[in-house]
Structure formats: structure tokens, C-alpha cells
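Heads up, the thing below is written out as C-alpha cells.
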Amino acid sequence: MDDGRGDGKIIGPLPGLSIELVESEAIGTVGVGEATIPQIVLFNAMLGLDEMEFMRETHATYKLGIEFVDWTRIGHRYIHPFGTHGIDMMGIEFRHHWLKGRQLGDTSELEEYSISAMAARSNRFMRPTPEQPRSPLARLAYAFQFDAGRYARFLRGYAEQRGVRRTEGRIVEVEQDPESGFVTALKLDNDQRVEGELFIDCSGFRALLIGQTLGVPFVDWSKWLPNDRAVAIPCTLGPDRKPITRSTARRCGWQWNIPLQHRVGNGHVYSSAHISDDEATEVLLANLEGEPLASPNQLRFTAGHRARAWEKNVVALGLAGGFLEPLESTSIHLVQSGIARLMSLFPTRAFTPCEIERYNRETLEEYVDIRDFLVLHYMATERDDSEYWNYCRNIEPPERLAEKLAMFRSSGRVFREHNELFTEASWEAVLVGQGIRAEGYHPVADMLPDDETLRRLASIRATIAQAVAQMPTQEQFLESNGGAIDPAMRMSV
């Protein structure tokens with residue numbers, strides 16, 4: 001970012017570039033998304049943020065994956081971990097050797113071959129060691145859980161220190177060029193007028209520029225993702241503070257649990273066609289692990305996206321561009337990937353169509369990929385204890401998801417298309433966790449003798465268990481590295 005007075009962090013000293021943030025303190029933010037995925041580590045590093053300062057300022061904890069409780073069936077749980085499973089052998093992915101082992105009678109779970117999953121269950125954490133490729137720690141990946149409001153303020157201060165100008169005010173009118181339709185200026189309620197050449201619409205569900213002004217339609221995906229409500233509330237810390245996000249399926253939706261350093265973030269995502277707002281709030285309050293710290297915050301949404309994220313000279317980010325429920329913690333990532341995509345396709349004043357078309361195509365691809373991954377969780381379930389789950393279980397999968405399901409069922413194969421967000425390891429974790437059975441495996445796995453397959457599986461499990469036992473707890477890691485908050489700030493029961 002740059003205002004003509006110094007070097008920008010990403011795009012360098014672009015002559016004449018200035019960035020102005022227009023926002024109003026009178027307008028609230030959603031601010032309930034507190035869990036992230038590993039790409040945020042790269043984003044923070046790209047900005048040059050000090051990780052321990054970031055951890056303290058945002059009251060953050062580490063996240064090694066997501067635990068899904070009661071999703072496949074009541075009483076069942078599994079972890080979608082960050083990083084990989086096991087070690088690829090014989091030129092094929094590890095999962096094929098694990099699948100062969102299952103047919104040979106080995107009853108070990110897939111997550112036992114993930115150091116991230118095993119560390120999360122033991123409340124252990126340390127950074128990956130890519131310089132030691134033979135160590136299981138080289139395969140560990142992590143993200144963060146933080147106070148979203150504190151993160152926003154942290155980034156705002158960071159941006160202002162580097163030349164971004166902040167203007168307080170509520171937009172009351174949007175001016176457009178009468179011929180091109182391009183947005184030319186914003187009029188604020190305090191009589192200020194802010195001109196610009198490129199506008200980033202971060203106005204949330206209102207989509208003030210991309211939707212209300214430019215009329216880009218919203219594409220509704222609620223037939224695949226029927227949840228349209230959420231209620232969120234923080235509570236005091238309970239005894240379980242593991243470095244993992246927990247998603248517990250409820251009769252008409254699911255509940256998140258995100259332990260931070262100072263409190264726990266909680267929310268109930270649900271379908272208003274199957275449960276009332278009051279009932280959904282009661283479900284959430286009845287399942288808190290601590291005392292409530294605020295009044296319930298009700299949210300309404302529709303799953304889907306704007307038909308075009310970039311229209312004329314307006315680019316929509318965040319909720320203005322679309323919304324996919326936070327089941328896999330992708331909301332903040334979609335903002336950051338949108339920023340990265342804009343940087344790579346940053347326009348001139350000509351706003352040539354080819355860059356805009358590519359931005360829109362890649363954005364839609366990313367939304368579709370994430371949508372399909374989310375739909376998998378709902379349709380691959382044995383639950384039949386409510387009309388909600390009966391609907392979800394019978395969802396017709398989108399075409400690409402149907403292909404992935406057929407491929408895995410027939411041979412245990414998983415393919416990552418066009419460098420999509422979720423890796424093969426993520427897909428295999430959820431496919432297996434949700435009870436999808438692979439009838440076969442790669443034939444090369446049979447080149448390894450049966451007894452050697454079982455021996456290697458046991459050796460990998462033992463090596464991971466030994467590495468986890470030597471890791472510090474999350475609290476010890478934060479304390480020894482300067483990332484812990486003052487204990488007096490913790491809100492405990």
C-alpha cells in the first residue's frame with residue numbers, strides 16, 4: 001500500500017497511488033468469524049507481521065484443524081487436520097496404503113497418521129520444522145483462532161501507519177459517470193465527498209456498490225446449503241482449550257466452539273425452515289461451556305455469491321461478494337484471496353476487460369470449489385433424526401462433487417482440480433470422516449508385502465506419537481515465545 005510518500009508493502013512505490021478507507025463507527029460489523037485456515041499464515045508473513053505480537057494483540061490461539069462431532073452419526077467424531085497424512089510410498093499417496101491396511105484388518109483411524117490431529121487432541125503445539133524433512137513436524141500445518149474485531153483493528157493500525165487514510169462517515173449517495181456507469185465518488189452523511197478511480201466494496205451484505213448501485217445480481221445456492229441464520233455469543237473459558245475448532249452437528253444445523261486466549265467464541269448456524277430463532281438460541285445457550293459474556297447476536301444470510309465480483313471499477317470483497325457458511329473457516333480466506341487476486345490483476349485506468357473477466361472466473365471457481373466441499377459434509381451423513389438431516393442427506397451433489405465421490409468410492413483416488421483451495425489431504429479426511437467407503441485402492445500398494453504394509457503403518461503411528469509427546473502444550477509455547485496475554489485478561493469460570 002502506498003500514498004505517494006513511501007514504498008508499498010505489496011505493490012511497491014506505484015506513483016500517484018493513494019488509498020482511502022471510508023467507514024462509519026455507527027455501522028456494526030458481523031465480526032463473529034474467529035477461525036482461519038493455514039493460508040492466513042502466509043498472508044500475515046507477506047505483510048511482515050510479527051507473529052507473537054499478532055497473537056497478543058488479537059488474543060489468538062493456534063488451530064491445527066477442525067473436529068466434527070455428531071456429523072456422520074450421533075456419537076461419532078473425526079478431525080479434518082491441517083497438513084498431510086502419513087508418508088507417500090511406492091510413488092503413490094499414503095491413503096492407498098492405509099486403505100489396504102484396513103482391508104488387512106488394521107483398525108487405526110486415518111487421523112492417527114496426522115501429527116496436526118494428534119497434537120490437537122493432546123493440546124500440543126510447536127511450529128513446523130521444514131528444515132528437518134524426515135521429522136513428522138515437517139508435515140504439521142497451522143492457522144489461528146482470534147478475536148476478529150481485534151484483528152480488524154490491528155490491520156487498520158498497520159495500514160494507517162503505512163499511509164492509508166481513514167475517513168469517518170456513512171455513505172448516503174454514490175455518484176456514477178453518466179456514460180460509462182463507473183463509480184466516481186461517494187457522498188457521506190457529514191457532507192464530505194470522496195472521489196476515486198477503483199472502489200473496493202466491503203459494505204457487507206448490503207453490497208452498496210456492487211449490488212445496490214451497479215445491479216450485479218446475487219446467485220442463490222441455498223438448495224445446496226440451506227442454512228440461512230446464525231446466532232453467536234461469547235462465553236467464559238472452560239477447561240477444554242485445545243488448538244482446534246470444534247463443529248458439533250445439532251438437529252437443525254451445527255454449533256461452533258472456538259477457544260481463544262481470553263474467551264470462547266460460540267455460534268449456532270441453522271435453517272430457519274426447520275427451527276425458529278428462539279429455539280436456535282436456546283440450543284446454543286444450553287450448550288455453552290462457560291457463562292455468556294454478551295447478548296446473542298442474530299445474523300441472517302443466504303448462501304451464494306454475486307454473479308460478478310468485479311464490475312466496471314468496483315471489486316467486491318467479503319460479504320459484499322458472497323457468503324458461504326463458516327463450516328470450514330473460509331470467510332476470512334476469501335477476503336484475503338480476493339486481495340491477492342486483485343494485486344495480481346491490478347488494473348490501469350483503462351480497466352481492460354481481460355483482467356476483469358479472469359478475476360471473475362477465478363473468483364467463481366474458488367466459490368464453487370468451497371461450496372462443493374461444504375456440501376459433502378451435509379449429504380454424506382447417516383443422520384435421520386430430523387427433517388433437516390433428511391433434507392441434507394438427500395441433496396443432489398453438484399457435478400464436480402459427484403465426480404469426486406464416484407472416483408473415491410471406486411478406487412480411493414482424490415484429485416485436486418486447478419490448484420483448488422482444499423488439498424487431497426483435506427478431501428480424504430472429510431470423505432473418510434463422513435463415512436464414504438472406498439471399495440478399492442491403487443494397485444501399486446500391493447507391490448508392498450502385506451506384513452510390510454502393516455509394519456510401516458504401525459511405525460508411522462509410533463513416530464507421530466513420539467513426536468507429539470515431545471511437543472510443549474499450547475500454553476507453554478505461547479508463554480515461552482512471548483505470545484501469551486496477561487492472565488488477568490482471561491475470562492474463566
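Quick note: the coordinates plus some simple rules give every number you see, no bench work behind them. Quick caveat: nothing in here was measured; it's all calculated off a predicted structure. Note that we place each Cβ from the backbone using ideal geometry, even for glycine, and neighbour counts take in every protein chain shown.
Sorted from greatest to least, the principal axis extents spanned by the alpha carbons of region 367-493 come out as 52, 47, 35 Å.
Arrange the peptides 313-322, 347-356, 247-256 so that the one whose residues have, on average, the most other Cβ atoms within 10 Å appears first.
313-322, 247-256, 347-356
Overall shape: oblate for region 259-311, with the ratio a/c of the largest to smallest alpha carbon gyration tensor axis at 1.5 or above and b/c at least equal to a/b.
If you take the alpha carbon atoms of region 192-330 and fit the smallest convex hull around them, that volume is 151 Å³ per residue.
The angle between the Cα long axis of helix 331-344 and the main principal axis of the chain comes to about 60°, on a 0 to 90 degree scale. Here, region 350-395 has an Rg and a Dmax of 17.4, 57 Å when only alpha carbons are counted. Normalised by residue number, the volume inside the convex hull of the Cα atoms of the chain is 161 Å³ per residue. Inverting the pair-averaged 1/r between distinct Cα atoms of region 16-136 gives 18.2 Å as its Kirkwood hydrodynamic radius.
Against the chain, whose longest principal axis is taken from its Cα atoms, helix 94-103 shows a tilt of about 40°. Between region 124-147 and region 67-110, the C-alpha centres lie 19 angstrom from each other. Per the Debye calculation on region 441-491 with a single equal scatterer at every Cα and no solvent contribution, log₁₀ I(q)/I(0) for q = 0.19, 0.26, 0.31 Å⁻¹ amounts to -0.75, -0.97, -1.08. For the residue pairs 223/404; 187/312; 100/404, the C-alpha atoms sit no more than 28 angstrom apart in every case. Can you tell me, using C-alpha contacts under 8 Å and at least 6 residues apart, the relative contact order of the chain as a whole percent? It comes to 22 percent, rounded to a whole number.
Taking a ≥ b ≥ c as the square roots of the eigenvalues of the alpha-carbon gyration tensor, region 55-214 is classed prolate because a/c is 1.5 or more and a/b outweighs b/c. Using the Stokes-Einstein relation with a Kirkwood hydrodynamic radius computed over Cα pairs, the translational diffusion coefficient of region 184-232 at 37 °C and a viscosity of 0.692 mPa s comes to 242 µm²/s. The fraction of all Cα pairs in region 408-468 landing in successive 5 Å bins from 0 to the largest distance is 4, 15, 15, 19, 25, 16, 6, 0, given as whole percents.
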